[in-house]
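Quick notes on the structure that follows.
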């Protein structure tokens with residue numbers, strides 16, 4: 001470079017490129033929570049006990065999508081760097097090993113839950129009728145777990161090669177079919193709460209099979225590669241600890257809500273399903289971030305990665321604000337969509353302020369999650385999550401002592417989200433996450 005010549009400024013990912021990856025990912029991420037919202041509305045009209053049973057069972061079953069998210073994010077974190085370095089076959093090979101891990105973990109869950117559904121529901125619940133309903137639902141719903149985890153691994157390698165359109169079709173088609181099936185099985189067929197579990201399992205089976213067929217069409221070796229798998233397991237270890245921390249928070253909130261009362265647990269279920277829907281929809285920006293940041297760092301472009309990270313933060317905040325306005329507009333009609341129980345409506349009044357005000361915070365938090373996961377900065381993500389959730393948990397458990405009800409539970413969620421935001425912004429500013437190379441050292 002001649003004297004006086006300056007290097008061109010790093011080019012962040014364009015808003016069009018972010019949208020091209022995020023919009024199909026939004027459909028994928030929104031499909032399951034939309035189905036769960038429909039499922040909650042269908043079951044909610046059966047009465048307070050089935051709704052509370054679904055709430056309890058759904059929290060326990062949350063272990064499956066947690067592992068699915070670990071597989072998706074762990075696969076993306078490694079495969080995106082390979083794709084950025086020009087090795088598409090290597091990126092897909094990461095997906096093959098992730099799929100084997102998914103099948104093993106899913107089958108283990110099926111066996112374990114047939115024996116443990118009742119005891120775990122009994123440990124968390126405080127009403128024998130609700131515990132029995134939750135266990136009955138769990139034993140059927142868990143049959144879809146292997147397929148759900150396979151779909152998670154499939155989304156991971158497809159995101160890494162910047163293909164978010166096929167997962168959009170796979171997931172949305174399966175859950176559309178299930179959304180139609182759920183009310184039929186619950187009401188005309190007369191299966192009640194268990195009908196919802198069967199519809200859930202069918203959706204996951206359809207989606208998982210479609211991802212398996214897509215992997216086979218890539219024409220890469222499908223055999224086990226223990227060396228590659230061991231690297232994935234090490235990378236996934238940090239994400240698993242992070243996921244366990246989230247589950248501790250979720251389990252704690254549900255267990256405390258169950259002790260506040262059946263109506264409070266039902267209201268908490270509705271609030272959490274809306275929160276999960278918003279969280280997963282907002283995560284579309286994170287999915288784009290994982291693919292773009294991983295590819296930039298794999299190709300040795302750290303300044304471009306930092307510029308893209310700043311742009312993704314702005315997009316995340318704007319997206320979260322749009323969600324805030326949408327929920328505010330829908331608040332007058334939302335309670336009646338889910339249940340006609342007056343006691344549940346009253347309890348929902350304690351949830352709405354927290355849910356609405358946290359949405360812009362969530363938009364930034366989830367966008368930055370995508371940046372750091374795409375960078376493979378998984379150890380920091382683990383430590384940050386544990387610290388932030390540990391900051392909010394005391395408010396949840398002190399609810400039982402001081403009688404704060406759902407206000408205390410959701411206040412605890414707000415604390416951990418704000419701590420998480422502060423730590424993520426500090427890490428982004430430090431620049432220490434932007435390590436280049438086909439594999440993070």
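Identification of helices (runs of 4 or more DSSP H) wholly contained in segment 321-407 with 1 or more residues that are touching a helix residue (DSSP H, G or I) at 6+ places or on another chain (Cβ under 9 Å), modelled with pLDDT of 90 or more and farther than 26 Å from residue 240 by Cβ yields 352-357, 359-374, 378-402. When residues of segment 148-171 are filtered for being more than 16 Å from the chain's Cα centre (by Cα), crowded, with 19+ Cβ neighbours inside 10 Å and in a helix (DSSP H, G or I), how many remain? Within segment 148-171, residues that are more than 16 Å from the chain's Cα centre (by Cα), crowded, with 19+ Cβ neighbours inside 10 Å and in a helix (DSSP H, G or I) number 4.
Scanning for something more than 19 Å from the chain's Cα centre (by Cα), in a loop (DSSP other than H, G, I, E, B) and over 30 Å from residue 305 (Cα atoms), does segment 419-432 turn up at least one residue? Taking every residue of segment 419-432 in turn, none turns out to be more than 19 Å from the chain's Cα centre (by Cα), in a loop (DSSP other than H, G, I, E, B) and over 30 Å from residue 305 (Cα atoms).
Pairs linking a residue in segment 220-241 that is on the phi < 0 side of the Ramachandran plot to a residue that is loosely packed, with under 15 Cβ neighbours inside 10 Å and assigned to a helix (DSSP H, G or I), with Cβ atoms under 8 Å and 6 or more positions apart or on different chains, are 220/89; 222/216; 238/379. Here is the figure for segment 85-120: residues that are crowded, with 17+ Cβ neighbours inside 10 Å and more than 28 Å from residue 72 (Cα to Cα) total 1.
Scanning segment 287-324 for residues that are more than 22 Å from the chain's Cα centre (by Cα) and more than 17 Å from residue 160 (Cα to Cα) yields a count of 7.
Taking the condition within 17 Å of the chain's Cα centre (by Cα) and over 19 Å from residue 256 (Cα atoms), does residue 370 pass? Here the answer is yes, as residue 370 does meet what is asked. For segment 275-311, the set of residues classified as surrounded by fewer than 24 Cβ atoms within 10 Å (Cβ to Cβ), modelled with pLDDT of 85 or more and in a helix (DSSP H, G or I) consists of 275, 302, 303, 304, 306, 307, 310, 311, listed by residue number.
The values are calculated or read from the model by the stated rules, or taken from the named source; none is laboratory data. Computed from a predicted model, the values in this text were never measured in an experiment. Ideal geometry is used to build each Cβ from the backbone, glycine not excepted, and the neighbour counts take in all protein chains shown.
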